[in-house]
1. Any idea which of VAL50, THR19, THR95 is furthest toward the positive side of the dipole for region 11-109, if Lys and Arg beta-carbons carry +1 and Asp and Glu beta-carbons -1?
2. Please list, in order along region 73-88, the HN-Hα scalar couplings obtained from phi with the Karplus expression 6.51 cos²θ - 1.76 cosθ + 1.60 (θ = phi - 60°), rounded to whole Hz, x for Gly and Pro.
3. Roughly how many nanometres apart are two label points built 7 Å out from the Cα toward the Cβ at ASN51 and GLU91?
4. Mind grabbing the base-10 log of I(q)/I(0) for region 89-133 at q = 0.16, 0.18, 0.26 Å⁻¹? Debye formula, identical points on the C-alpha positions, no solvent, two decimal places.
5. So what is the diffusion coefficient of the chain in µm² per second by Stokes-Einstein at 20 °C and 1.002 mPa s, using a Kirkwood Rh over Cα pairs?
6. So what is the relative contact order for the chain, in percent, with contacts set as C-alpha pairs under 8 Å and at least six apart?
Amino acid sequence: MFTNKNNLPGVTLAPGIWTDRSELRFAFSRSSGPGGQNVNKVNTKTELRVNAQAIHGLSDTALKRLTKLAGRRLTANGDILLISERQRTQEANRTACLTRLREMVFLAQVEPIRRRKTRPTRGSQERRIESKKMRGHIKRTRSAQW
């Protein structure tokens, strides 16, 4: 079994987060769009499927955030499906898929900051009301002159 520099088996997605190589399922097919003969004969489009439950080291809340981040990319059986066909080689598209997965895992780790409800101070409320009264006074005196 492959171990990385953190002595964790498999592929490192973020510090302390990894998945087994066998859980990363790659499929290749022909890309769409322009590219001439290369598009017609080379399978460079890459699809990466990985089950969200197979990613080790994520907390439960981070796993929920990851599935929410996946959005439409989450299949019915819990797989995250990432597709890349921008590059001209399989290897580059495979790297692009893994990079996108790593970015998603990294973003899922970041816990959102809870907003604390605050109220305006009494002084700021009074200043706001006073400025509104001044504005109204200016407009009233303007219409009285015409």
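We did not get these values from a lab; they are worked out from the coordinates using the rules stated. If you're wondering where the values come from, they're calculated on a predicted model, not measured in any experiment. All Cβ positions, even for glycine, are placed from backbone atoms using ideal geometry, and neighbour counts span all protein chains on display.
1. About the Cα centre, the residue reaching furthest to the positive side is THR95.
2. 6, 8, 7, 4, 8, x, 8, 9, 10, 10, 10, 9, 9, 7, 8, 8
3. With each label placed 7 Å out from Cα toward Cβ, I get 3.1 nm.
4. So the normalised log intensities work out to -0.64, -0.71, -0.90.
5. Once the numbers are plugged in, D ends up at 110 µm²/s.
6. 19
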